[in-house]
Amino acid sequence: MNNNPCLKSVYDNITHAAARANRSMSDISLIAVSKTRTMQDILDIYAEGVRFFAENRPQELASKARELAHLTDLQWHYIGNLQSRDCKIIAQYANCFHSIDRLKIARRLSSQLELYDRNITAFVQVNITGEKSKSGFVCDDWQNNKDQLQTLVEVIQEIALLPRLNLLGLMTMAPFNSTEEELHIIFQSMSDLSVYLNNNVSDINMPYLSMGMSGDYQIAIEHGATHVRIGRAIFGER
Ligand SMILES: *Cc1c(COP(=O)(O)O)cnc(C)c1O
């Protein structure tokens, strides 16, 4: 284990960030983002003990999942935008869907999951800075803007009622050009939003936070990330 130097340094960084926040390393799931990587790249990291891999294109996920179906403990996470017509692929092959960005997709995915007789876990994607290029429910001013918060709450309450989709928490992507100071504010706002929802909305129990990528996972962990999605820091530049 940990013969791969990139993976080792990611684990070291996770351990240190968790320690700074008085958190346990075992509360943090490392998801290796394998989009664009070869089968051999994936197998090498699997051999190091990593079991969660993420893709952002349905067809790529399907073909990799089929080819590696014999590795029954390998789990596929889907982190990209999803069109209605591709919900069946995610329903068939994914174990976790990180990017619910509209109710329609959650409904469609839920009904496809019923067809395939599968359950998956899921995150609701939040656009925490209002960046135009990002998907997710806009919550850049949720502490003041009651409409933003109410929209999110209503969507979550509806999704929570859908069969087969087990809501774990919220997911976000920080803007690529954020400063460290901005990243602290962004991830703390996500953490506050999560706590708010779990404490103030009845019947909501979704305490997990999918946030943190190669450039910002250490800061995300300091603010409570439970699922970090890391590509380049493990596999190298794309
Ligand atoms: C590509 C991607 C990642 C990983 O990005 P890296 O910079 O390679 O770590 C994480 N999350 C999402 C949603 C992505 O699309």
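The values are calculated or read from the model by the stated rules, or taken from the named source; none is laboratory data. Everything numeric in this text was worked out from a predicted model, so none of it was measured. Neighbour counts are summed over all protein chains in view; Cβ atoms, including those assigned to glycine, are modelled from backbone coordinates with ideal geometry. To get the accessible areas, we keep the full protein, side chains included, count just its heavy atoms, and leave off ligands, DNA and RNA. Shrake-Rupley method; radii C 1.70, N 1.55, O 1.52, S 1.80 Å.
Of note:
- Based on alpha carbons, the Rg and Dmax found for the chain are 17.2, 50 Å.
- The convex hull drawn around the Cα atoms of region 110-238, when projected onto a plane and averaged over every direction, covers 9.0 nm².
- Span from the region 1-74 Cα centroid across to the region 90-111 one, whole angstrom: 21
- Across q = 0.13, 0.14, 0.16, 0.18 Å⁻¹, region 1-140 modelled as identical point scatterers on its alpha-carbon atoms has Debye log10 I(q)/I(0) values of -0.66, -0.76, -0.95, -1.11, in the order of the q list.
- With the simple model of a label 7 Å out from the Cα in the direction of the Cβ, SER111 to GLU237 spans 4.6 nm.
- Length released on extending from ASP141 to GLN188, taking residue separation times 0.36 nm less the Cα-Cα span: 15.6 nm
- Estimated D of region 1-54 in µm² per second, where Rh is the Kirkwood radius over Cα pairs and Stokes-Einstein applies at 37 °C, 0.692 mPa s: 274
- For ARG57, the accessible surface of its heavy atoms amounts to roughly 140 Å² (probe 1.4 Å, protein chains only, rounded to the nearest 10).
- Helical mean residue ellipticity (222 nm; -39500 (n - 2.57) per DSSP H run of 4+; nearest 500) of the chain: -13500 deg cm²/dmol
- ASP216 - accessible surface, heavy atoms, 1.4 Å probe, Å² rounded to 10: 20
- Sites GLN157 and MET25, calculated FRET efficiency, Cβ-Cβ separation with R0 30 Å, nearest 0.05: 0.35
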